[in-house]
1. Can you tell me which of Arg203, Arg121, Arg165 moves the most in a GNM of the chain? Springs connect C-alpha atoms under 10 Å apart.
2. Where both residues lie in the chain, what percent of DSSP beta bridges are antiparallel, nearest 5?
3. Quick one: compute the contact order of the chain, relative version, from alpha carbon pairs under 8 angstrom and 6+ residues apart, as a percent.
4. Around Arg93, which amide H atoms from residues at least 5 apart in sequence, or from another chain, sit under 5 Å from its own amide H, with H modelled in the peptide plane?
5. Treating only the Cβ of Lys, Arg, Asp and Glu as charged (+1, +1, -1, -1), what charge dipole size does the chain show about its Cα centre? Round to the nearest 20 debye.
6. Could you please rank Trp166, Trp189, Trp90, placing first whichever residue has the fewest other Cβ atoms within 10 Å of its Cβ?
7. Dividing the Cα radius of gyration by the Kirkwood radius, what Rg/Rh value follows for the chain?
8. Name the residue, out of Leu58, Leu78, Leu172, whose mean-square fluctuation peaks in a Gaussian network model built on the chain with Cα pairs under 10 Å.
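Values quoted throughout were computed directly from the atomic coordinates according to the rules given, and no laboratory measurement underlies them. Model, not experiment: these values are computed from the prediction. Cβ sites come from the backbone with ideal geometry, for glycine too, and all protein chains shown count toward neighbours.
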Amino acid sequence: MATPLRRYGAGARVYDVLSGERWVYHAGREAGIDLLAPRRGDIVIDLGCGTGLNFPALAAAVGPEGLVVGIDRSVDMLAMARRRVSAEGWGDRIRIVESDAAELDTGRIHALMAGERDRDRADALFITYALSVFDRRDEAWTRARTLVRSGGRAGIVDMQAPTGRWKVFSPLAHLACATGGSDIRSRPWRLLERDAVAGTVRRTERKGGHLVVVAADLP
Ligand SMILES: C[S@@+](CC[C@H](N)C(=O)[O-])C[C@H]1O[C@@H](n2cnc3c(N)ncnc32)[C@H](O)[C@@H]1O
């Protein structure tokens, strides 16, 4: 069903302010970065990067030797992301690619990484509040994980209905997800839990269980 932000077009200009970033979603992003633990010199793929709200933490973590590749299908969200990159002067450490994640030309991303940093696989894949929005999340995940080197890491931050005594906020959480076109029942972190190296899954929750944060090593 079409929702106001479903295509992330007209909403791009107001996304950072109206998406609840400050009061709710920043907490999951921060926890995701902690669990993913990007290192100096890493190449990190930010799939469904939107306006680039992960970029400050990722750019700081990887430093000038590293590279962040932000991928999204929305021209308008990417326009905001590019504006952020230019305003912060991160031109040398962030590259932006417009693509539907389920149809991602992985060869193009391998070539981009090789051209920028002399190796064609990423050290980490980070996906925040995006997989639950994707129409074909399995295809998107399958393609994206092939971009990561063996022994690299992935982190997924996404949403579910709040749990325990926080269930009273469930209607609000459902409304926020419906407005953003996100399927609150999709539990996309299960893709990572399924494909991770056994024993490496790290998980935490924020905001009464509404935000689920999972990171793990990939084989
Ligand atoms: C809720 S926003 C999250 C953006 C960002 N990751 C964040 O944490 O703020 C979801 C993003 O997924 C993007 N998106 C939705 N479907 C997509 C697809 N099939 N391929 C790539 N990006 C997609 C939207 O354009 C939007 O930027």
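1. Its mean-square fluctuation being the largest, the pick is Arg165.
2. Bridges in the chain are about 40 percent antiparallel.
3. Value for the chain: 22 percent.
4. So Arg93 has HN proximity to no qualifying residue.
5. It comes to approximately 540 debye.
6. Ascending number of Cβ neighbours within 10 Å: Trp166, Trp90, Trp189.
7. Across the chain, the Cα-based Rg/Rh ratio is 0.94.
8. Leu172
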